[in-house]
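Chemist: Here it is: the structure, laid out below.
The values are calculated or read from the model by the stated rules, or taken from the named source; none is laboratory data. Note that this is a predicted model, so its numbers are computed, not measured. Here Cβ is always computed from backbone atoms with ideal geometry, including for glycine, and neighbour counts include all displayed protein chains.
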Amino acid sequence: MKLFDITTIFPKILDSYFNESILKRAQEKKLIKIVTHNLRDFSEERHKKVDDSPYGGGPGMVMQIGPIEKAVRAIKSKTKSRTILFSTRGQKFDAEMAKRLVKYNQLIFICGRYEGVDERVAKYVADEEISIGDFVLSGGELPAAMVIEAVARFIPGVLGKYESLEEVKGSYP
């Protein structure tokens with residue numbers, strides 16, 4: 001079984017998406033397991049705060065390294081895993097990357113919010129940074145859903161037919 005772990009401050013934001021269609025059937029068949037983790041549960045602050053001003057100054061707030069590092073350490077399995085941070089600086093996600101990621105038993109996704117995450121997360125916690133395109137979203141939850149579906153499609157038994165993986169270039173009519 002492939003394990004997808006999502007760290008976020010909005011743990012229910014993708015529930016309806018993951019409980020429909022292909023991903024629902026893959027979970028029912030125990031081919032994949034998708035677990036969301038509330039980063040606030042890993043905060044040591046009284047009010048479960050996970051954001052702070054950027055170290056060194058700058059506008060807005062960034063997510064603290066503490067809760068993120070603690071969450072990743074707690075959920076990381078001893079099997080072959082990969083921790084991914086969504087970032088506009090990351091390598092662009094494509095089908096080849098999905099094929100590479102399917103080889104891991106566990107994928108842990110760090111979903112930033114606000115102005116992003118403390119830079120130390122990219123340096124010390126994440127194994128790699130991934131971008132889904134040249135645009136900015138409010139958080140990493142939608143990119144996580146995209147990567148989960150794209151990777152899951154390469155797991156034998158998730159799709160009804162292998163031919164469904166075929167990439168067809170072109171436009172809609």
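Chemist: So, in the range 136-157, exactly how many residues are in contact with a strand residue (DSSP E or B) (Cβ under 7 Å, 6 or more places away or on another chain) and more than 26 Å from Arg89 (Cα to Cα)?
Modeler: Of the residues in that region, 1 qualify.
Chemist: Go through (1) over 14 Å from the mean Cα position of the chain (by Cα); (2) closer than 18 Å to Asp5 by Cα; (3) part of a strand (DSSP E or B) one by one and return the number of the condition Leu107 breaks.
Modeler: (1)
Chemist: Show the residue pairs that are 6+ apart or on different chains and have beta-carbon atoms under 7 Å apart, the first residue being within the range 133-156 and closer than 13 Å to Arg100 by Cα, the second being assigned to a loop (DSSP other than H, G, I, E, B).
Modeler: Short answer, once both residue conditions are applied: Val147/Phe93; Val151/Val102; Ala152/Val158; Arg153/Leu159; Phe154/Val102; Ile155/Leu31; Ile155/Val102.
Chemist: Would you mind telling me which numbered condition in (1) more than 14 Å from the chain's Cα centre (by Cα); (2) assigned to a loop (DSSP other than H, G, I, E, B); (3) of a type outside the set (S, T, N, Q); (4) modelled with pLDDT of 95 or more Tyr124 fails?
Modeler: The single condition Tyr124 does not satisfy is (2).
Chemist: Still on this structure, I have one more. Name, by its number, the condition in (1) out of contact with any Leu (no Cβ under 8 Å at 6 or more places or on another chain); (2) within 17 Å of Val147 (Cβ to Cβ); (3) not small (Gly, Ala, Ser) that does not hold for Ile110.
Modeler: It is condition (1) that Ile110 fails.
Chemist: Residue pairs, Cβ under 7 Å, 6 or more apart or interchain, first in the range 16-34 and on the phi < 0 side of the Ramachandran plot and of a type in the set (D, E, K, R), second in a loop (DSSP other than H, G, I, E, B) and surrounded by 12 or more Cβ atoms within 10 Å (Cβ to Cβ). List them.
Modeler: If the second residue must be in a loop (DSSP other than H, G, I, E, B) and surrounded by 12 or more Cβ atoms within 10 Å (Cβ to Cβ), the pairs left are Lys33/Met1.
Chemist: Would you pick out the residues in the range 96-147 that are at positive phi and surrounded by 14 or more Cβ atoms within 10 Å (Cβ to Cβ)?
Modeler: Step one: of the range 96-147, the residues at positive phi are 114, 116, 133.
Listed by number, the residues that qualify are Tyr114, Gly116.
Chemist: If I filter the range 107-114 for residues that are basic (Lys, Arg) and at pLDDT 95 or above, do I get at least one hit?
Modeler: No, the range 107-114 has no match at all.
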